[in-house]
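Novice: Mind looking over this structure? Questions follow.
The values are calculated or read from the model by the stated rules, or taken from the named source; none is laboratory data. Here the structure is a predicted model, which means the values were calculated and not measured. When we count neighbours, we look across all protein chains shown, and the Cβ atoms used for this are built from the backbone with ideal geometry, even at glycine.
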């Protein structure tokens, strides 16, 4: 499987706080990598693909749309595109 990336990703390990914009459900995770156009993180909850999330990492807030979710040993791996 070949993935297309708009920007180079950098591995960053940091706590992430996530809020599902539609439902208001809050949960936490740990970042895996970030770029100027996207972020991936691990989380204990499974957000739906297409959902808009407010993500806070290292004091910075960004909106993202979930593009991929897969089950992992400790929960779920989540990836999304940052919204501008």
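Novice: Got a number for residues in the stretch 10-24 being surrounded by 11 or more Cβ atoms within 10 Å (Cβ to Cβ), assigned to a loop (DSSP other than H, G, I, E, B) and modelled with pLDDT of 95 or more?
Specialist: Here the count works out to 1.
Novice: Oh, and also: When you look at residue 21, is it touching a strand residue (DSSP E or B) at 6+ places or on another chain (Cβ under 6 Å) and either free of Cβ contacts under 8 Å to residues at least 40 places away in the same chain or on the phi > 0 side of the Ramachandran plot (or both), yes or no?
Specialist: no
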